[in-house]
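Below you will find the structure I want to go over with you.
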């Protein structure tokens, strides 16, 4: 009993020792935990606070409103419209399939759209909004809003989207915008963060693309508090961005619309320039297309229709299309010869219908020949031999120097896509391009705007404006950016001998006013608005010997894409030139028949600022013109002149 | 001294016992629970629902159970500890068998009105049973290898079953608390030295087993350990939780962001903010001052238990008191170490603060035993 008591006492002491030891160990560990707290909450607090802020605060970009585009009178060409879309967040929807089915019934979604949305939802994180329907109507949007309780996770969103109220009229000028592609990003060094926003749109072609920087504006920022799922809890601060600058064009929407309509049945292009200022009043390319299709995302079949059309609606022929200018180039040859003193105005050249140069026969279009022709008669009747003769005396270098002086072979700084440079050929150019020497026949061809000479309708309009004004008129497409006027394209004097210029203009006048002129049938009889012009018919290729044997001699017998191009250039009024017009009808046949009548209509339309009175036309044309005017009115009932007042 | 040697006269009876409760300890428990209510109210965004009110009800119920346990003489509890241990073990086996029919972890038995977690029950019954064992065992046999092997088996049996569920946190708790009772009972130092050496060997074996077909722990447990060792290795996956938890804690600073102003918890960056990671919300909103205060209350509870145990005369009472205190200590220290990035995330709640019924009820039953031992100690 005593021993047992002793043992018990030992055990009790040992328990006390061990209890105190264990308690001490526990307190030591608690102290360790305390030290860890101190380290985290006091020593490292600043770092952790920063991390917590980074978690909590999210900076979002506020996309700026894109600059709008107007015509010279303030008619809207490209505007921003509120667009409504409906998106769904999977995590909040619960059963997304059920919700989508309800939504489909409510606003009439196609099965593909539903399947597409489901697919996208699966591919993305559960808290990412997925767009189900884009550009929904206000009615549909309200219907969704009213039925919100039955549509968990579905939210209507408002954004701005580009709209081109004039549709096809400005498709080639303004171009269009579209969502930023990986390809777009790869082209830009250090892209603006804005471009990485989903659904952000940038200019794809035309002015929208060329003036992207100006139109885009600067992003604003929004500091928001977000939760772990990325949902915005509240706004902390906002820095407004800067909307893009509005652009006012020099183009007159009414005239542009008229040109597009007048050309619509052809594959053609027309440019109307203000002779005084270089303002491009119209720059049309037909056929055209509706740019709004591209903004919305064009369907495969629509796109196929555009690319497979042999009239090439997507090509901006007015600046991009290069054509041999044909006889419209003869003013260049004539002015060069006059300026060089190679020929006087009354000096004549005999045209027997052809000219033999180094054993090769160069034909005049008139096989029987024009007989003796001087400057005026040769231009009026478009004799080729006269110009062959001048060019042989001039040489190609002087001829091309004159062409460049008048604007052919110059890339103009016009903010449209793929503006072509054209070509005023030289010996050096041919050597470099083909590795071949220049031959005399090349000079002969160039004298009448064939061979290596190439010009776009814009080049021809500039050439005509420069002939009419004697100044180096520069084409100008943009009148003002953000209310700031852009420099005029008036240009300085080209230092031509004024009497030489007058002679050229006089000869051009007789083309469209003398009864033997090639464009006499397309004359204007209103004295105040008489026009001076020049027809051109440029060969796409020669009629081969074999075809001649088969009996193909006439243009009309050839397939469409091998027929001649019809060209016409003119300025008016003759006495005090205001506008210069150039017109190309691809594979249209002869310039006098296919191009000059259209150019006259456009000229009158521009000079009268609307439909001209029939009295401006020769008597015999009037009934036809009236019918045409009425037809165009019917086809374009809403001529855009809203902004006129 | 065994309970049989009590002089019955010296043991209080009747309603007088209420006054003899260890009231400071009860007040400390209420203080800890109140911190829990406050934080549950905060993480619910200033709402009593869904957590705070339920937690209060459970705590009220738990306190009732604790008082009830305290009123019953401690020798009764000693006598039923073998039964309690057996019940817990059988339930663990049942759960293990059920688990075989289902995929993954099966930790509870659905009783219809509540879910019974046998592993929670084991936390208290193992301590009770080992304490009763040493109360019964003659002192001189304490360090005899045979008599050491028996409690080791009693501890390992439930531990292995729990580990198979798999519930690493509870396994560590059972093993450590059981070992602590053995240590306090006076088992020779050499055994513990050997076990610690063996544990180090086992840990290296566990790591070596990775990827082999005798892999000792589950893949997700390995991943938790990986994440613990380097949270940045998986910042958006498993490491995300611990990284966000540390940010919440650290960003609290000295005085915290203010009640209900914790951005990490309010904006849901903090995971499991009402259960395992509730301490981080406290630390974020009340800062170092709040966090260290809770730690000090916990420390005081341990110290009160220690002093109470030193004043008890019989072995069962003192061993069970410190065994429960050890369990409680393990709960909060493992949880805090885990949420502060010092230990892998093993799913141990913060005692009396984290939302949840089982752990709270078991701990309050444990404190009921301590109170019973305190009241019924010979004077």
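Read the figures in this text as sums done on the coordinates, not as results from a lab. This one's a predicted model, so the numbers in the text were calculated from it and none came from an experiment. Every residue, glycine among them, receives a Cβ derived from its backbone with ideal geometry; neighbour counts consider all protein chains shown.
Which angle between 0 and 90 degrees, to the nearest 10, do you get for helix A:498-513 versus the longest principal axis of chain A when only C-alpha atoms count?
90 degrees
Okay, next question. If you take the square roots of the eigenvalues of the alpha-carbon gyration tensor of region A:428-534 and sort them as a ≥ b ≥ c, do you get rounded (a/c under 1.5), prolate (a/b over b/c) or oblate? Mind showing how you got there, number by number?
Working: a/c = 2.08, a/b = 1.13, b/c = 1.85.
Oblate shape, in that a/c is at least 1.5 and b/c is the bigger or equal ratio.
Over chain A, what is the relative contact order in whole percent, taking alpha-carbon pairs under 8 Å and six or more residues apart?
So the answer I get is 13 percent.
Under a plain spin-label model, where a point goes 7 Å from the Cα along Cα-to-Cβ, how far apart in nm are residue B:18 and residue B:94?
Each label point is offset 7 Å from its Cα along the Cβ direction, giving 3.6 nm.
What residue among B:170, B:13, B:197 has the largest mean-square fluctuation in a Gaussian network model of chain B, using Cα springs under 10 Å?
Judging by the Gaussian network model, the answer is B:197.
Sequence gap at least 6, Cα distance under 8 Å: using those rules, report the relative contact order of chain B to the nearest whole percent. Can you show the working numbers first?
Values: 530 pairs, mean separation 105.1, N = 379.
With pairs under 8 Å counted, the relative contact order is 28 percent.
Given an 8 Å cut-off on Cα distances and at least 6 residues of separation, report the relative contact order of region A:305-408 as a percent.
Details: 114 pairs, mean separation 28.4, N = 104.
Relative contact order comes out at 27 percent.
Quick one: grab the alpha carbon gyration tensor of region A:357-462, order the square roots of its eigenvalues as a ≥ b ≥ c, and give me rounded if a/c is under 1.5, else prolate or oblate depending on whether a/b is larger than b/c.
Details: a/c = 2.40, a/b = 1.42, b/c = 1.69.
Because a/c hits 1.5 or more and a/b fails to exceed b/c, region A:357-462 counts as oblate.
Related question: Quote the FRET efficiency, to the nearest 0.05, computed for residue A:16 versus residue B:254 with a Förster distance R0 of 41 Å and r equal to the Cβ-Cβ distance. Intermediate values should be presented prior to the final figure.
Numbers: r = 40 Å, r/R0 = 0.96.
Using R0 = 41 Å, I get an efficiency of 0.55.
Right, another one. Helix A:384-394 sits at what angle to the longest principal axis of chain A, using alpha carbons and giving 0 to 90 degrees rounded to 10?
80 degrees
Which of B:167, B:219, B:276 moves the most in a Gaussian network model of chain B with Cα springs under 10 Å?
Result for chain B, Cα springs under 10 Å: B:219 fluctuates most.
If you don't mind, there's one more thing I want to ask. Looking at the square roots a ≥ b ≥ c of the eigenvalues of the Cα gyration tensor of region A:110-260, which shape do they give, rounded for a/c under 1.5, prolate if a/b is larger than b/c, or oblate? Write down the numbers at each step before the final one.
Numbers: a/c = 1.95, a/b = 1.47, b/c = 1.33.
Cα axes put region A:110-260 in the prolate bin.
Taking a virtual spin label 7 Å from the Cα of residue B:217 along the C-beta vector, which residues in region B:180-202 bring their backbone nitrogen under 12 Å of it?
Label zone hits: B:202.
Kindly provide the helix-only [θ] at 222 nm of chain A, computed as the sum of -39,500 (n - 2.57) over DSSP H runs of four or more divided by all residues, to the nearest 500 deg cm²/dmol?
Details: 25 runs with 254 residues, N = 645.
The helix-only estimate for chain A comes to -11500 deg cm²/dmol at 222 nm.
What is the helix-to-structure angle for A:2-38, meaning the angle in degrees between its Cα long axis and the longest Cα principal axis of chain A, kept from 0 to 90 and rounded to the nearest 10?
Approximately 20 degrees, to the nearest ten.
Related question: Rounded to the nearest 0.05, what FRET efficiency is calculated for residue B:192 and residue B:300 with R0 set to 35 Å and r the Cβ-Cβ distance?
Values: r = 27 Å, r/R0 = 0.78.
Calculated transfer efficiency: 0.80.
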